[in-house]
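The values are calculated or read from the model by the stated rules, or taken from the named source; none is laboratory data. It should be emphasised that the depicted structure is a prediction, and the values quoted were computed from it without experimental measurement. Cβ atoms come from the backbone with ideal geometry, glycine included; neighbour counts cover every protein chain shown.
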Amino acid sequence: MDLVLRCLLLFPLVVVLVRIVNRRQLSSLEPFDLVLLVVIGDLLQQGITQSDYSVTGAAIVITTITLLSLGTAYLNWRLPILRMTLEGEPIILLEDGRPIERNLRRQRITTAELAAQARQNNIATLDVVRYAVLETSGRISFITNT
């Protein structure tokens, strides 16, 4: 029962931390980000299981985390207000070829990064972009004037 309680306490913490992390960073993991996620996973495992190395303990933890994840996904699907909290909403980064500096700054995206993403989508210049939208997945969608 102790393992289940630790899962119940640490799972929401992980959900909040992942939500706080910039969604752009989650969509394109750099080597440092990947190492950080592995370290967090290891620390989470140590915090949950402590010195319990039994198969039964591992099964309890895996089952509990899986059920919490399924429960979160279900609530996310059923309750729109929770969806906004967990996933956020798309953010307009550029409108009619003009960057929205406040949104770029909040998401820690430079105009140069935005232009690079546009070029990767075969858009030569930001002037032809009607909207650039940072989706909840962390990807940037471009809607052109043509």
Checklist entry - Inside the stretch 45-146, counting only helices (runs of 4 or more DSSP H) that do not spill past its ends, which hold 1 or more residues that are of a type in the set (Gly, Ala, Ser) and modelled with pLDDT of 85 or more? => result 55-78, 111-120
Item to check | Failed criterion for Arg108 (all others in (1) surrounded by 13 or more Cβ atoms within 10 Å (Cβ to Cβ); (2) touching a residue at least 12 places away in the same chain (Cβ under 8 Å); (3) under 17 Å from the mean Cα position of the chain (by Cα) hold) | outcome: (1)
Checklist entry - Looking only at the stretch 53-70, which residues are of a type in the set (A, V, I, L, M, F, W, C) and buried (at least 16 other Cβ atoms within 10 Å of the Cβ)? => result Ile60, Val61, Ile65, Leu68
Next on the checklist: Taking the criterion of being surrounded by 14 or more Cβ atoms within 10 Å (Cβ to Cβ) and either touching an Asp or Glu at 6+ places or on another chain (Cβ under 7 Å) or among the β-branched types (Val, Ile, Thr) (or both), would at least one residue in the stretch 112-122 satisfy it?
Outcome noted: no
Item to check | Residues (touching a residue at least 12 places away in the same chain (Cβ under 8 Å) and over 16 Å from Asp2 (Cβ atoms)) located in the stretch 32-64 | outcome: Ile40
Checklist entry - When the stretch 75-105 is examined, which residues are found to be among the acidic types (Asp, Glu), surrounded by 12 or more Cβ atoms within 10 Å (Cβ to Cβ) and out of contact with any strand residue (DSSP E or B) (no Cβ under 8 Å at 6 or more places or on another chain)? => result Glu87
